[in-house]
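Student: First the structure, which I've put down as structure tokens, then a few questions once you've had a look.
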Amino acid sequence: MTVMYMDEGLDTGDILLQTQDRHLAIRTGATLHDRLAQIAPEALLESLRLLAAGNAPRIPQDQALATYAPKLNREAGRLNWNEASRLSSERFALIIRGRARSLSSPVAI
């Protein structure tokens, strides 16, 4: 999870604080949501402590690593089995885990 300064862009501000999740590779969309809800309050408090003490870092983001993630909607939960057949099993597993929350009513096309 990243806490960042606001600037003119969308999620482009300098990094103030980052935390790592050693179990990220096995999380689903739902478990990631729940884990972020657990760690966000402490990250916010730590960020405020750093700011109040005057020693909060400003780490520029590497824009070469930036990707755009569109807002998810119900359509994002649809699985196109024709497309899925062209993916590796590892990639397909990642897609399933990432969409787990939106697949409460799975739809195949």
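Student: Sort out which residues of segment 71-90 are surrounded by 11 or more Cβ atoms within 10 Å (Cβ to Cβ) and among the charged types (D, E, K, R), and write them in order of number.
Tutor: Those that are surrounded by 11 or more Cβ atoms within 10 Å (Cβ to Cβ) and among the charged types (D, E, K, R): ARG78, GLU83.
Student: Can I ask one more? Would you be able to say whether some residue in segment 29-37 is touching a Ser or Thr at 6+ places or on another chain (Cβ under 8 Å), assigned by TED's automatic domain parsing to the domain that holds TYR5 and β-branched (Val, Ile, Thr)?
Tutor: No, there is no match, as no residue in segment 29-37 is touching a Ser or Thr at 6+ places or on another chain (Cβ under 8 Å), assigned by TED's automatic domain parsing to the domain that holds TYR5 and β-branched (Val, Ile, Thr).
Student: Going through ALA76, ALA52 one at a time, which residue ends up being modelled with pLDDT of 85 or more and farther than 18 Å from MET1 by Cβ?
Tutor: One residue alone meets the criteria, ALA52.
Student: Sort out which residues of segment 15-57 are assigned to a loop (DSSP other than H, G, I, E, B) and either surrounded by 12 or more Cβ atoms within 10 Å (Cβ to Cβ) or in contact with a Leu (Cβ under 7 Å, 6 or more places away or on another chain) (or both), and write them in order of number.
Tutor: THR19, ASP21, ARG27, THR28, ALA56, PRO57
Student: Of all residues in segment 58-99 being among the aliphatic types (A, V, I, L, M) and part of a loop (DSSP other than H, G, I, E, B), which is nearest to THR12 (Cα to Cα)?
Tutor: ALA66
The values are calculated or read from the model by the stated rules, or taken from the named source; none is laboratory data. The structure displayed is predicted, hence computed values, not measured ones. In this analysis, Cβ positions are derived from the backbone assuming ideal geometry, glycine residues included, and neighbour counts consider all displayed protein chains.
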